[in-house]
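The values are calculated or read from the model by the stated rules, or taken from the named source; none is laboratory data. All values derive from a computational prediction rather than experimental measurement. When we count neighbours, we look across all protein chains shown, and the Cβ atoms used for this are built from the backbone with ideal geometry, even at glycine. These area figures cover heavy atoms from the full protein model, side chains too; ligands, DNA and RNA do not enter into them. Shrake-Rupley method; radii C 1.70, N 1.55, O 1.52, S 1.80 Å.
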Amino acid sequence: MEENFTTCSNLYVTSLVLSGFVEVAGPAGKEYLFIVDVTWSDNRSLTVKRTYKDFINFRTKLVNAAKREKCNVNIPILQGYRIFRRYDRKLAEEREEELQKFVSVILSGDPKLRKLPTVVDFFEPQPSDPVPYRSPPDGACNDSDTDDPFAEKIFDRKWMKSK
């Protein structure tokens, strides 16, 4: 199966840090979204949210892409689902640690790996990801998004980092 990618060929990930997780209501009950701070080769820093299922699907695509591109890396296996502990906070904490080790391999393995379109697309922001904080122009103090030409209404909420 061939994938369609919308990435720039010269863009790649330079840093990935799992900075926590949040509990949200999912289609089958509560689920956990893992928060990843991503730094790009163009010096952008963004935060993305991905489920454990997203990571499992990503790993499958990544293994296939790494084989195609002959990347010399051993991509760790993710533990997968645990039926009886699926919505357990302690399990989410264990998975956070597991996923940090997983993304570390992407950065520390074959340098070609972090440049693969599969990796770039997975960590590119989606409409459900946090909106980056943007300072008002000229240091003006403004709490409204109406004057911010970069504010987008498609995001469900803003996640702002304090200065």
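Please check which bits of segment 40-67 a label hung off residue 91 would reach, taking the label as a point 7 Å along Cα-to-C-beta and the cut-off as backbone N under 14 Å.
Counting backbone N atoms under 14 Å from the label point, the list is 52-53.
Would you kindly find the accessible area of residue 115, with a 1.4 Å probe and non-protein molecules such as ligands, DNA and RNA excluded, rounding to the nearest 10 Å²?
110
Could you pull out every residue, at least 5 positions away or on a different chain, whose amide H is within less than 5 Å of the one on residue 51? Hs are placed 1.01 Å off N in the peptide plane, and Pro or chain starts have none.
34
Once amide H atoms are placed 1.01 Å from N in the peptide plane, what residues at a sequence separation of 5 or more from residue 20, or on another chain, have their amide H within under 5 Å of its amide H?
35
What's the extension gain from residue 121 to residue 98 if we count 0.36 nm per residue and subtract their Cα-Cα distance?
So the chain would gain 6.2 nm between residue 121 and residue 98.
Residue 59 accessible area, nearest 10 Å², 1.4 Å probe?
The accessible area of residue 59 comes to roughly 50 Å².
In nm, what is the difference between 0.36 nm times the number of residues separating residue 72 and residue 37 and their Cα-Cα distance?
Here the answer is 10.1 nm.
State the extension gain, in nm to one decimal, for the chain segment bounded by residue 57 and residue 25, taking 0.36 nm per residue of separation less the distance between their alpha-carbons.
9.5 nm
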